[in-house]
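Asks: The following block contains the structure, expressed as structure tokens.
The values are calculated or read from the model by the stated rules, or taken from the named source; none is laboratory data. Just so it is clear, the structure is predicted and the values come from calculations on it, not from any experiment. We place every Cβ from the backbone using ideal geometry, glycine too, and count neighbours over all the protein chains shown. We work out accessible area using only protein heavy atoms, side chains counted, and drop any ligands, DNA or RNA first. Shrake-Rupley method; radii C 1.70, N 1.55, O 1.52, S 1.80 Å.
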Amino acid sequence: MNKKVLKTLEFDKIINQLVEFAATESGKNSCRRLTPSYDLPHIQEMQQETSAALSRILRHGTLSFSGVHDLRSAMKRLEIGGVLNVIELLHICSLLDTTKRAVNYQRNEKAEEEGDCLTAYFHALMPLSDLNAEIRRCILSEDEIADDASSRLFSIRKSIRRTNEKVRQQLNSLMNQSSTQTILQDNVITMRNGRYCLPVRADAKGQMPGMVHDQSSSGSTFFIEPMAVVKLNNELTELELQEQEEIEVILSTLSNAVAEYVDVLRENIRTLIRLDFIFARGMIARQQNAMMPEFTLDGTIRIRKGRHPLLPQDKVVPLDIHLGDDFDLLVVTGPNTGGKTVALKTVGLLTLMGQSGLHIPAGDRSTLSLFQEVYADIGDEQSIEQSLSTFSSHMTNIVSIGEKADEHSLVLFDELCAGTDPTEGAALAISILWDLMNRGAKIMATTHYAELKIFALSTPRVENACCEFDVATLSPTYRLLIGVPGKSNAFAISGKLGLPAYIIDDAKKRLDKDTETFEDVLTDLEQKRVALEESRLAAFKHEKEVAELKKQLEAKQDDIQEKRRRLLEDASQEANQILAQAKEIADSTIMAFNRYQEASPSLQDMEAKRAKVREQIKKNSENLKVSAPTKAAPQKPLSLHIGDMVKVHSLNLTGTVHTLPDAKGNLFVQMGILRSQVNVSDLSLVDETGTTSAKKGKGGGGVRTSGIRKSGSIRAEINLIGMTVDEAIYALDKYLDDAYLAHLESVRIVHGKGTGALRNAVCNHLKKSKIVKSYRAGVFGEGDAGVTIAEFK
């Protein structure tokens, strides 16, 4: 890939952002060397690595690789039997600490989760815990070796402390003598050249037998080592030399232990640097809310909701761009500052990022094609040093592009052939684009030339596009509309900026008739497009409302079928009970008559028995009768209040009064999630207490009433930010039950990004919930990774 386009499309700025996410110097160098590739398997491997790192970061947070130093020279010295110094050994410990941290990070992956392409990297790491612990035991810091690093060092340091104490005791005893106090400059013990001395006045130095080690800058004080401690100081010096020799032995022993694992340490360094590079790509993908693109080899580009990664996410307008499927050349027109150049750079920069193994800030299922070269002529190329005008410098670049571009090239032109005579420039631009098209290149060009718009309208495999301009507010919307040629709107923008109206009117008169007619056609097309867009949105809204009503009717039908099933079941049970009672009566009656045939009962007893049977049969018959329900006289809504329970007869639904009747008697009634305008004549007041208690008396009625009422009060969103995990899960569980009873289709759960602990807890809870059909992370515009969208069954 040519280096000029990397700077033109600001790919170098993306690399600078990527470098900031790497922790090791070698990882930063890997980021700096990153360039687009033309090897599809290599690109797909890098994309998979980036995706795996992003997934791990979202699940478990970031992984720090700080502590990996450049140990190449140390490794070479170990191979030839050299000895490492204290700092190098501590760097080995730091490397092993980072290795252990990475191994523990891998252990966060649950056993049931499938491994990804990074699992092999983590499994290749060896923390060498015993070696790390031994070095830490012996070396406390860069300036201190532990006393118990060896038994001999412990003994030597013990002797040093004992000898130091003897020297101090001897010097203190000497200072306390009256003859010595008169010749001392100060009553202190000091060190000179590693030996204990006393500060003696210059005029009395002859009175202190010993060795002179130093003199003050003024010459008034001599630092003398008394003869009484010379031997002890000599012993101390010898002990310090022994201590240094023992430290060298300890460092040599530790170096030999490290030398046994040189290959393991090299592999750890190589793996950690690679992981640092991969996780840097994952972290920049998280920052940009980016995703992994799909790749094709047929030159097709389809970017959904693409955003320029260097623009603020809260301000940039996502673009939908496709190229190479129905057309190979896209001519983008529209006013200045309308977003044409941003759209051009977005296509080029996302292509470079995708071929570099970086995720792109776009929507799911975005597709990029593999290009061997990307060429761009964007910006002011004027060169004073080379005596080139803007047109000449642009043309020099265009000539260079024309010599190299082929079917494996993506070519981007900004204001092609501008800066010269418009007629000649337009003709030249058309010829250049036609030549590149014949070579098979995929091209995107911005222009103000009307001739190029006509060329796009009349030429196969060429399409117009425009950056939308709101004529009402005289400001761009930054939306890219493919299939519609745009207007430059020079007159409207000039008027907004204060150009007098008479000048604009005069300019309009100077337009030739063909140009004016073409501009009128464009204006008419734009007006029709806006009208169609509004109609489409209205139709979509109506379709959504119809689908919601259909869903409500289906739910109501299901409720009726359930009630019918329960009524039939209850009736069947009751009929079985009555049959059983009838059988029992018949059996007892037959037995009685059998007894009467054998004996001679009195007529009075037989009559009493028959009356008892008749009474029982009459009682069962009354139980079988179904009394017709008494219709309550509807209460005429002569005086309605907001909040009154009413029944809408035409819809056979119950709701609450939302507004008071107007002069025509029309008002709005809230029936669950449905808010409808009805006339007061279609309403009757409902006894809220009686209705509620009656519905609760039936098996399923109470649940439905609860759902209708909750639907008006339960919001489709819950905010868990600021809660602990336990508090959030408790609140979420109750909220999901209420939302499910309210018949909401989906809810939005706001948990924020943070460390990811709250998001993981929410996802785990949703996974176990029996009423949740599916859930997903929010996309751009919904709150990104800071929210989760859950859909009910």
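Asks: In region 404-459, which residues are over 25 Å from residue 1 (Cβ atoms) and aromatic (Phe, Trp, Tyr)?
Replies: 434, 449, 455
Asks: Determine if region 287-305 includes at least one residue that is modelled with pLDDT of 90 or more and in a helix (DSSP H, G or I).
Replies: Among the residues of region 287-305, at least one is modelled with pLDDT of 90 or more and in a helix (DSSP H, G or I), which makes the answer yes.
Asks: Would you please name the residue that is nearest to residue 395 (Cα to Cα), looking only at residues in region 440-473 that are loosely packed, with under 15 Cβ neighbours inside 10 Å and charged (D, E, K, R)?
Replies: 461
Asks: When region 180-231 is examined, which residues are found to be in contact with a Ser or Thr (Cβ under 6 Å, 6 or more places away or on another chain) and either in contact (Cβ under 8 Å) with a residue 60 or more places away in the chain or of a type in the set (S, T, N, Q) (or both)?
Replies: Scanning region 180-231 gives a single hit, 185.
Asks: Kindly indicate which of 76, 3 is closer than 19 Å to residue 263 by Cα and either out of contact with any Gly (no Cβ under 6 Å at 6 or more places or on another chain) or modelled with pLDDT under 90 (or both).
Replies: None of the other options fit; the residue is 76.
Asks: Can you tell me which residues in region 254-286 are in a helix (DSSP H, G or I) and without any contact (Cβ under 8 Å) to a residue 12 or more places away in the chain?
Replies: Of everything in region 254-286, those that are in a helix (DSSP H, G or I) and without any contact (Cβ under 8 Å) to a residue 12 or more places away in the chain turn out to be 256, 263, 270.
Asks: Let me ask another. At least 2 residues that are more than 22 Å from residue 553 (Cβ to Cβ) in each: list the strands (runs of 3 or more DSSP E) lying fully within region 644-684 that qualify.
Replies: Fully inside region 644-684 and qualifying: 666-671.
Asks: Given (1) open to solvent by less than 20 Å² (accessible area, probe 1.4 Å); (2) part of a helix (DSSP H, G or I); (3) among the charged types (D, E, K, R), identify the lone condition not met by residue 225.
Replies: The number of the failed condition is (2).
Asks: State yes or no: is residue 168 farther than 30 Å from residue 81 by Cβ, basic (Lys, Arg), in a helix (DSSP H, G or I) and touching a Phe, Trp or Tyr at 6+ places or on another chain (Cβ under 8 Å)?
Replies: Judged against the criteria, residue 168 is a match.
Asks: Turning to a different aspect of this structure: So residue 669 fits all but one of (1) under 45 Å from the mean Cα position of the chain (by Cα); (2) at pLDDT 80 or above; (3) open to solvent by 30 Å² or more (accessible area, probe 1.4 Å); what number is the exception?
Replies: With respect to (1) under 45 Å from the mean Cα position of the chain (by Cα); (2) at pLDDT 80 or above; (3) open to solvent by 30 Å² or more (accessible area, probe 1.4 Å), residue 669 is out only on (3).
Asks: A further question follows. Could you tell me which residue of region 50-103 is least open to solvent (accessible area, probe 1.4 Å), considering only residues that are free of Cβ contacts under 8 Å to residues at least 40 places away in the same chain and of a type in the set (S, T, N, Q)?
Replies: Among those residues, the one meeting the criterion is 94.
Asks: Then there is this: Among the listed residues 757, 790, which satisfies the condition of being within 23 Å of residue 305 (Cα to Cα) and either out of contact with any strand residue (DSSP E or B) (no Cβ under 9 Å at 6 or more places or on another chain) or of a type in the set (A, V, I, L, M, F, W, C) (or both)?
Replies: Result of the check over 757, 790: 790.
Asks: Sort through 161, 157 and tell me the only one that's within 30 Å of residue 251 (Cβ to Cβ) and surrounded by 16 or more Cβ atoms within 10 Å (Cβ to Cβ).
Replies: Checking each option against the conditions leaves just 157.
Asks: Among the residues in region 319-339, are any among the hydroxyl-bearing types (Ser, Thr, Tyr) and either under 14 Å from residue 368 (Cα atoms) or not in a helix (DSSP H, G or I) (or both)?
Replies: Within region 319-339 (the criterion being among the hydroxyl-bearing types (Ser, Thr, Tyr) and either under 14 Å from residue 368 (Cα atoms) or not in a helix (DSSP H, G or I) (or both)), the answer is yes, since at least one residue qualifies.
Asks: Still on this structure, please answer the following. For residue 140, work out the one condition from (1) part of a helix (DSSP H, G or I); (2) open to solvent by 80 Å² or more (accessible area, probe 1.4 Å); (3) free of Cβ contacts under 8 Å to residues at least 40 places away in the same chain it doesn't fulfil.
Replies: (1)
Asks: Where in region 1-44 are there helices (runs of 4 or more DSSP H), lying fully within it, with 2 or more residues that are under 20 Å from residue 292 (Cα atoms), touching a residue at least 12 places away in the same chain (Cβ under 8 Å) and open to solvent by 40 Å² or more (accessible area, probe 1.4 Å)?
Replies: 11-21
Asks: Going by the structure shown, is residue 122 modelled with pLDDT of 90 or more, within 18 Å of residue 244 (Cα to Cα) and of a type outside the set (Gly, Ala, Ser)?
Replies: no
Asks: Further question on the same structure: If we scan region 744-752, do we find a residue that is modelled with pLDDT under 85 and closer than 16 Å to residue 555 by Cβ?
Replies: yes
Asks: Just need a number here: residues in region 435-463 that are under 24 Å from residue 369 (Cβ atoms) and out of contact with any Leu (no Cβ under 9 Å at 6 or more places or on another chain).
Replies: Within region 435-463, residues that are under 24 Å from residue 369 (Cβ atoms) and out of contact with any Leu (no Cβ under 9 Å at 6 or more places or on another chain) number 5.
Asks: Right, another one. Only one residue in 427, 376 is modelled with pLDDT of 90 or more and open to solvent by 50 Å² or more (accessible area, probe 1.4 Å). Which one?
Replies: 427
Asks: Of everything in region 738-767 that's of a type in the set (Ser, Thr, Tyr) and within 30 Å of residue 548 (Cα to Cα), which residue is surrounded by the fewest Cβ atoms within 10 Å (Cβ to Cβ)?
Replies: If we take residues in region 738-767 being of a type in the set (Ser, Thr, Tyr) and within 30 Å of residue 548 (Cα to Cα), then 746 is surrounded by the fewest Cβ atoms within 10 Å (Cβ to Cβ).
Asks: Among the residues of region 768-787, how many are within 20 Å of residue 61 (Cβ to Cβ) and exposed (fewer than 15 other Cβ atoms within 10 Å of the Cβ)?
Replies: Residues flagged as within 20 Å of residue 61 (Cβ to Cβ) and exposed (fewer than 15 other Cβ atoms within 10 Å of the Cβ) within region 768-787 amount to 1.
Asks: Right, something else. Looking at region 191-198, can you tell me whether even one residue there is open to solvent by 80 Å² or more (accessible area, probe 1.4 Å), at pLDDT below 90 and assigned to a helix (DSSP H, G or I)?
Replies: Checked against the condition, which is being open to solvent by 80 Å² or more (accessible area, probe 1.4 Å), at pLDDT below 90 and assigned to a helix (DSSP H, G or I), region 191-198 yields no hits at all.
Asks: Hey, can you tell me all the residues within region 746-793 that are in contact with a Ser or Thr (Cβ under 8 Å, 6 or more places away or on another chain), within 18 Å of residue 364 (Cβ to Cβ) and among the charged types (D, E, K, R)?
Replies: 776, 791
Matching residues to (1) under 35 Å from the mean Cα position of the chain (by Cα); (2) polar (S, T, N, Q); (3) assigned to a helix (DSSP H, G or I):
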residue: 88; (1), (2), (3): no, no, yes
residue: 93; (1), (2), (3): yes, no, yes
residue: 109; (1), (2), (3): yes, no, no
residue: 116; (1), (2), (3): yes, no, no
residue: 121; (1), (2), (3): yes, no, yes
residue: 125; (1), (2), (3): yes, no, no
residue: 130; (1), (2), (3): no, no, yes
residue: 134; (1), (2), (3): no, no, yes
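Asks: Then there's this: Just give me the residues in region 430-448 being in contact with a Phe, Trp or Tyr (Cβ under 6 Å, 6 or more places away or on another chain) and either among the basic types (Lys, Arg) or modelled with pLDDT under 90 (or both), in sequence order.
Replies: None; the set is empty.
Asks: For region 724-737, does any single residue satisfy the condition of being open to solvent by less than 50 Å² (accessible area, probe 1.4 Å), small (Gly, Ala, Ser) and at pLDDT below 85?
Replies: Within region 724-737, none of the residues are open to solvent by less than 50 Å² (accessible area, probe 1.4 Å), small (Gly, Ala, Ser) and at pLDDT below 85.
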